[in-house]
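Below is one structure, written out as structure tokens; comments come after it.
The values are calculated or read from the model by the stated rules, or taken from the named source; none is laboratory data. Everything quoted here is computed from the prediction, not taken from an experiment. No Cβ is skipped: glycine too gets one built from the backbone with ideal geometry, and neighbour counts run over all protein chains shown. With ligands, DNA and RNA removed, areas are computed over all heavy atoms of the protein, side chains included. Shrake-Rupley method; radii C 1.70, N 1.55, O 1.52, S 1.80 Å.
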Amino acid sequence: MQVDIFDFDLPKELIASQPVFPRHTSRLLDLSQEDTIIDRHFCDLPDILQKGDVLVCNDTKVIPARLYGKKGEALVEVTLYHPESGLKWWAFVKNSKRLHSGDIIRFYNDKTTSEQSDFAAQVCLKDEQDGVLLEFKCQADDLPRYLEEFGFMPLPPYIKRDRPSSDSLWHKFNDKENYQTVYAIHSGAVAAPTAGLHFTDEVMARLKAKGVEQLFLTLHVGAGTFLPVKTADTKDHKMHAEYGIISPATAEAINAAKKEGRRVIAVGTTSLRLLESSADDQGLVHSFCGETDIFITPGYKFKTIDMLITNFHLPKSTLFMLVSAVAGLDRMRQAYAHAIAQKYRFYSYGDSSIIKCVNKI
């Protein structure tokens, strides 16, 4: 399938650099009924859903996986995206051409220079596709503490923040709180499951009061979710694997809902991808513990969901391909044209949509 068919013109000013407050005041494009497009706000979600509906949310917690460092005098920006083993992580590195195997990168923040820092990593390997394999020079138990002290939230490249320095503006943005869902529990993601960023305790309470069941799975989202599709054909694009868990209890509850004819709504493409990875050909969801690199494009028949809640995605992205598989490319082109005309905010800190799945087994 040609990647160019997923292209569209997106004004750069519609890519949100900050969220709205409160979170649930973000806009919601209602595509829950075929052939209709309704402008709403996210706080209207309890009015759209029905008693007995099942929301499946991703409770992963984002770690501060973006690091700034120096190799000699060369500045490097490191975004961790996949743990290899122990203290070894694969990372995407800006200015990686200056790095060679065996080099030491020393990391800094707004309070500590690289010369003063005791937090460092060694370059183990460089790979043209996979980036750089780093090994941190600390005790394994100390790595989370170092990441909290030196790390920044791994925002997508479309959201600009200054490098840390004593006079930088980075501290004005509370990304460590904003780029995290209210129900985040299990640390390990290096990108947020952004569809969940719109939920507040108030909305969750209203959904519960209405009788909407809330279930959780865990997919540790990787920074590969931000990678552009550089191939001309989708079959040549490589998806990076991500680690996920669905408990037996969650799988059983989803299957019970489906058997009773209740609707299953995935909150985010991450939840959807893990559900589809765990389901058999009859649509039964099984417990899951492992990695998935599922890549969903139009023509795919969904086994598990009735609707999807998701943000607005970028042209030619794997995520726009996925939503086009859910509702059809023509439907999503029409919806996105409406969203652009109405100045909806796009991507991680942007607005939301709820989409009916029309391509099911």
Completion exercise
Only unsatisfied item for residue 116, checking (1) touching a residue at least 24 places away in the same chain (Cβ under 8 Å); (2) assigned to a loop (DSSP other than H, G, I, E, B), is (1)
Completion exercise
Filtering segment 47-106 down to residues that are within 30 Å of residue 206 (Cα to Cα) and of a type in the set (S, T, N, Q) yields 50, 58, 60
Practice task
Spot the failing condition for residue 90; the list is (1) assigned to a loop (DSSP other than H, G, I, E, B); (2) of a type outside the set (D, E, K, R); (3) open to solvent by 10 Å² or more (accessible area, probe 1.4 Å); (4) touching a residue at least 24 places away in the same chain (Cβ under 8 Å), and only one is missed.
Solution key: (1)
Exercise for the section: For residue 80, state whether it is buried (at least 19 other Cβ atoms within 10 Å of the Cβ) and touching a helix residue (DSSP H, G or I) at 6+ places or on another chain (Cβ under 8 Å). Expected result: yes
Handout entry: Of all residues in segment 50-77 being among the basic types (Lys, Arg) and not in a loop (DSSP other than H, G, I, E, B), the one that is least open to solvent (accessible area, probe 1.4 Å)
Key = 66
Fill in the blank from the handout: If you go through 216, 199, 226, the only one that is closer than 30 Å to residue 22 by Cα and modelled with pLDDT under 95 is 226
Exercise for the section: Report, by residue number, each residue of segment 119-135 that is within 29 Å of residue 228 (Cα to Cα), in a loop (DSSP other than H, G, I, E, B) and touching a residue at least 12 places away in the same chain (Cβ under 8 Å). Expected result: 129, 130
Exercise for the section: Just name the residue that is nearest to residue 70 (Cα to Cα) out of those in segment 115-124 that are open to solvent by 10 Å² or more (accessible area, probe 1.4 Å) and at pLDDT 95 or above. Expected result: 122
Handout entry: Single residue of segment 12-40 satisfying the filter (part of a strand (DSSP E or B) and surrounded by 16 or more Cβ atoms within 10 Å (Cβ to Cβ)) that is nearest to the chain's Cα centre (by Cα)
Key = 15
Practice task
State yes or no: is residue 112 at pLDDT below 95, over 24 Å from residue 130 (Cβ atoms) and either open to solvent by 10 Å² or more (accessible area, probe 1.4 Å) or touching a helix residue (DSSP H, G or I) at 6+ places or on another chain (Cβ under 6 Å) (or both)?
Solution key: yes
Exercise for the section: Tell me the helices (runs of 4 or more DSSP H) entirely within segment 136-248 that contain at least 3 residues that are of a type outside the set (Val, Ile, Thr) and open to solvent by less than 20 Å² (accessible area, probe 1.4 Å). Expected result: 143-150
Practice task
Go through segment 93-109 and give me each residue that's in a strand (DSSP E or B) and open to solvent by 30 Å² or more (accessible area, probe 1.4 Å).
Solution key: 94, 104, 106
Handout entry: Count of residues meeting criterion [charged (D, E, K, R), touching a residue at least 60 places away in the same chain (Cβ under 8 Å) and over 23 Å from residue 326 (Cα atoms)] in segment 4-50
Key = 1
Fill in the blank from the handout: So, first residue touching a residue at least 12 places away in the same chain (Cβ under 8 Å) in segment 241-254, second residue among the aromatic types (Phe, Trp, Tyr), Cβ within less than 9 Å, six or more apart or across chains; the pairs are 244/288; 245/288; 246/288; 247/216; 247/288; 250/216; 251/288
Practice task
Using the structure shown, decide if residue 85 is open to solvent by 50 Å² or more (accessible area, probe 1.4 Å) and among the small types (Gly, Ala, Ser).
Solution key: yes
Practice task
For residue 60, work out the one condition from (1) out of contact with any Pro (no Cβ under 8 Å at 6 or more places or on another chain); (2) closer than 27 Å to residue 179 by Cβ; (3) at pLDDT 90 or above it doesn't fulfil.
Solution key: (1)
Practice task
Starting from segment 185-209, take each residue that is of a type in the set (Asp, Glu) and list its partners that are part of a helix (DSSP H, G or I), counting only C-beta distances under 7 angstrom and pairs at least six apart or across chains.
Solution key: 202/24
